[in-house]
Amino acid sequence: MSDRTASLKDVAGAAGVSVATVSRLLNGSLSLPEETRKRIEDAIRDLNYRPNPHARRLSRGRSDTIGLVVPDIANPFFATFVAAVEAEADSRNLAVSLFATLNRTGREVAYLELIERKHVDGLIFVTNHADDGQLATHINQVGKVVIADEDVPGADVPKLFCDNEQGGYLAGRHLAAHGHREVLFVGSEQEMISGRRRFDGLRRALREHWGEDIVPASYRGNYTVEFGREAARRFIANGMPGTAIFATSDEITIGMIEVFRAEGISVPGNVSIVGFDDVAPFHLFAPSVTAVRQPVRDIGRRSLALLLETNWQDLASPAPQELMPVEIVVRESVAPPAKR
């Protein structure tokens, strides 16, 4: 007996049907009389035929692969997000193709085009910068994209964010309860949904406590350690205009604390800090850092579920937007304002 692996053509010959008939039966696109179906199944068993999974996916017009586009895999926030998507995909017998854009629009657009070329069945898309309209246009053209974490305004696809406004509110309420009225917001530009909503939540909480005339000062930039360092230096150079800081990412928080420690500024002795994300090991810092915690793993898992559950042939307009709950984890970086 030959050791040659049986082919689809061998099965078709043994069953007395065409290759196309066998192929359509295997991919579920054809119903056959019981007698014909049994002949094919018997031939498959007798020949020990094993379908080529790649060929089957191509015949169905699917790759069984999900694309995951993130700005940076070295960032612990995005690394945690990626791990959650990978675990969820594995539980569903799907593969994940990971693409890091370095937060560059050109690379983001190139990866969006993978859907048009059928390299992936859909994309989970994360950006970390404001869009000039280019990304939204491409996303609306290709479809089958779920946007997570940061918005792309004008893209009419399902979106999944943490409750940024509630996160800012929790931070502001905690600071106000400790007596802080002069709070500095350090975060992204107003054009980004995270920066806008976190600031709005902070302002709402402070106004509830201190009155409607409160407008928090703000330093705007990127969610990076370097911007955190720059913000801390600016804060010091300006005479520390505030008793507390709402630093709206792990990276910003780390950069600011690094500079404060080097300059001998005590947290919370001289200034209180509340962070955001809580992916970094803030419980190990001295002092440990109070932070608003994003459910990063839940966002990753839900992003994939949303991509698979959406009826892309009958997508409601406007597309749905989901918010994931946040919580504040109270540690040791907030104290009543220091006397000046």
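Summary table
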quantity: Charge context of Glu258, other residues only, Cβ under 13 angstrom, K/R +1, D/E -1; calculated: -2
quantity: In order through region 12-18: 3J(HN,Hα) via Karplus (6.51 cos²θ - 1.76 cosθ + 1.60), integer Hz, x for Gly, Pro; calculated: 4, x, 5, 8, x, 10, 7
quantity: Ile73-Ala95 FRET efficiency (beta carbon distance; Förster radius 22 Å; 0.05 resolution); calculated: 0.85
quantity: Karplus-derived HN-Hα couplings along region 90-95 (A = 6.51, B = -1.76, C = 1.60, θ = phi - 60°), whole Hz, x at Gly and Pro; calculated: 4, 5, 10, 6, 10, 9
quantity: Pairwise FRET efficiency - Ala305 versus Ser266, Cβ, R0 = 41 Å, nearest 0.05; calculated: 0.35
quantity: Whole-Hz couplings from phi, Karplus 6.51/-1.76/1.60, listed for region 303-309; x for Gly and Pro; calculated: 4, 5, 4, 5, 4, 7, 7
quantity: Share of carbon and sulfur in the accessible heavy-atom surface of region 130-258 [1.4 Å probe, %]; calculated: 46
quantity: Among Pro295, Pro318, Pro158, residue whose mean-square fluctuation peaks in a GNM of the chain (springs only between Cα atoms under 10 Å); calculated: Pro318
quantity: Cross-link partners of Lys38 among aspartates and glutamates (Cα-Cα below 14 Å; sequence separation of 8 or more within a chain); calculated: Asp46
quantity: Options (i) 1.24; (ii) 1.32; (iii) 0.98 - which one matches Cα Rg over 2.2 N^0.38 Å as calculated here; calculated: (ii)
quantity: Listed peptides 90-96, 175-181 by packing density, highest first (mean Cβ within 10 Å); calculated: 175-181, 90-96
quantity: Sequence-distant aspartates and glutamates (8 or more away, or on other chains) whose Cα lies within less than 16 Å of Lys339; calculated: Glu182
quantity: Percent of beta bridges antiparallel (DSSP, the chain, rounded to nearest 5); calculated: 10
quantity: Linear extension gain, Ala20 paired with Leu315, 0.36 nm per residue minus alpha-carbon span; calculated: 102.9 nm
quantity: Check: region 271-340 dipole with +1 on Lys, Arg Cβ and -1 on Asp, Glu Cβ, in debye; calculated: 440
quantity: Lys, Arg +1 and Asp, Glu -1 on Cβ, resulting dipole of the chain about Cα centre, debye, nearest 20; calculated: 360
quantity: Placed amide H near Tyr219: partners under 5 Å, 5+ positions off or other chain; calculated: Phe185, Val186, Gly187
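The values are calculated or read from the model by the stated rules, or taken from the named source; none is laboratory data. Because the structure is predicted, anything quoted here is derived from the model rather than measured. Note: ideal-geometry Cβ built from the backbone for every residue, glycine included; neighbour counts use all protein chains shown. Surface areas here come from the heavy atoms of the whole protein model, side chains and all, with no ligands, DNA or RNA. Shrake-Rupley method; radii C 1.70, N 1.55, O 1.52, S 1.80 Å.
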